[in-house]
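Asker: If you scroll down you'll find the structure; I have some questions about it.
Nothing in this text is a laboratory measurement; each read-out follows from the coordinates by a stated rule. Since we're looking at a predicted model, the values are computed, not measured. Quick reminder, even Gly has a Cβ in these numbers, built from the backbone with ideal geometry, and neighbours come from all protein chains shown.
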Amino acid sequence: MASLSVKPGQRFTLPDWQNNSILISADAEQQRYNSHHIRQEGRALRNETGNQAKWDEQNSRTHLKDRIACVDKWREALARCLTEIDSEIDALTKVKEAAENAIQAKNLCLDVAIECLTFRESRRDIDVVRDPVEEELLREVKVIEKTKKELQQRVDDAFRQLCLLKEARQLLLSDHRQKVEALELDRQCMLFNPTSGNISFKVNPTRIPDGSTALSEWEQNSRCNKERAEAEIKASIDLRGAIALSIAQTNNELDAQRIATEFALRKRMRDMEAALNELRWQEQNTLDEIAEMEEEIRKLEEDIRKRTLDLKVAHTRLEMRTYRPHIELCRDQAQYGLADEVQQLEGIICALQQKRTESQDALDALYRQLHCIRTDIGYKTNSLQLDNKCMDTRKKLVIPVEKFDPEVDAVNRTRNLPRNSQLEL
């Protein structure tokens, strides 16, 4: 009779089977809960970061708009100032030309007065008398010469003021061009969006570029340029009025100013020479100190070398004593003394090396200071040479008036008039 075969192996009970099903269901429930929680957190994070990114982008866009408006405001102000300074340069140039024409006109008046005096020198005998006419002619010559000097001084002032105006205009033009370029860049930044084709990651985009300035410094620079241009324009307007007044009244106030300026320039040159002497004295003392410091460093290095040799001797002695046989290899006083000597020498060498480093740093500082002194000497020497050039240039103010007019004969003080001129007839 056939028997039922039983498969060998472990058999689980019905409660185990039920518990396993319950455990699987509980785990599935927990995993779904965890997944749902993570999805909710992810959704909240996406919403939060998306809103934050939009807000930050909008904030940056607002800042860019404000910056564009600010820069454009300054650009317009500088453009207006450029227009004003161009107009003032033209006006001052015309006034300067009018003063030069007035000088030329005074040359003709001076020639006529001198010719009149020359004609009156042909009088003979009792008619050779100093009458009121001769006195008036002599007074006229003095007045004309004084007027020419004052007008020439005004022309020089106008030339210097034109240089200042052109310099201020150059600063304004450079600032205006830079602002136009900055506006173009910021407006391009305004056009960028996530779908733009020319956006990409950059290396260290949050770095502070070299030459960056603070906002206050940026604004102060533009304000200074504008204020300087306005000040030069105001000075030019005042100068134009003074030139017109000099043409009409021919006063001598600028002569005193010229003397005061030359006095101040001479005083400045004396102060510059005194400063140069002081710097040369400091240079010599620094050179002496450098020589002494270099000698001290050399001595320190020599001591380090000697102490290093002493340390080698102590090390060799200690190493040699390790080969003593058996009972002789004891820690005697010589052993302790050599160990102490090694420690002392190492401390000494360390201290000497530290002092050598300090001395080298001091020597480097002396060399840097010497470089600063020599650089300052070069600056002051150049300034003194420039002041000497200024003094040489100002000597033109005392050159005889005839040299400014090549058409005037320096001997006869008359123009080379044609033979058929009205005066000769």
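Asker: Of Lys94/Lys226; Lys65/Lys166; Lys73/Lys234; Lys94/Lys148; Lys179/Lys234; Lys202/Lys226, which ones are farther than 29 Å apart at the Cα?
Answerer: Result: Lys65/Lys166; Lys202/Lys226 exceed 29 Å.
Asker: Sorted from largest down, what three extents in whole angstroms do the Cα atoms of region 7-107 have along their principal axes?
Answerer: 141, 25, 11
Asker: Something else now. Given a Förster radius of 41 Å and the C-beta distance between Glu358 and Val313 as r, what FRET efficiency does 1/(1 + (r/R0)^6) yield to the nearest 0.05?
Answerer: 0.90
Asker: Tell me, what HN-Hα J-couplings in whole Hz come from the Karplus equation 6.51 cos²θ - 1.76 cosθ + 1.60 at θ = phi - 60° for each residue of region 197-202, using x for Gly and Pro?
Answerer: Couplings: x, 10, 9, 6, 6, 10 Hz.
Asker: If you scale each eigenvalue of the Cα gyration tensor by 5 and take the root, what three semi-axes come out for region 171-216, rounded to whole angstrom and sorted largest first?
Answerer: They are 25, 17, 8 Å, listed largest first.
Asker: Taking 0.36 nm per residue of separation and subtracting the Cα-Cα distance, what length does fully extending Ser174 through His326 add?
Answerer: Using 0.36 nm per residue and subtracting the Cα-Cα distance, I get 45.6 nm.
Asker: For every other residue with a beta carbon closer than 12 angstrom to the beta carbon of Cys350, add +1 if it is Lys or Arg and -1 if Asp or Glu, then tell me the sum.
Answerer: +2
Asker: While we're here: I want to verify the translational diffusion coefficient of region 48-102 in µm²/s; compute it with Stokes-Einstein, Rh as the Kirkwood radius over Cα pairs, at 37 °C and 0.692 mPa s.
Answerer: 221
Asker: At a Förster distance of 30 Å, what's the computed FRET efficiency of Glu145 paired with Thr375, Cβ-Cβ distance as r, to 0.05?
Answerer: 0.05
Asker: Gain in length, Glu346 to Phe12, computed as 0.36 nm per residue apart minus the alpha-carbon separation, to one decimal in nm?
Answerer: Extending this stretch completely gives an extra 112.3 nm.
Asker: A further question on this structure: Which order do the peptides 224-234, 184-194, 201-211, 323-333 take when ranked by the mean count of other beta-carbon atoms within 10 Å per residue, highest first?
Answerer: So the order, starting with the most tightly packed, is 224-234, 184-194, 323-333, 201-211.
Asker: Next up: Per residue and in cubic angstrom, what volume does the convex hull of the Cα atoms of region 278-355 have?
Answerer: 67
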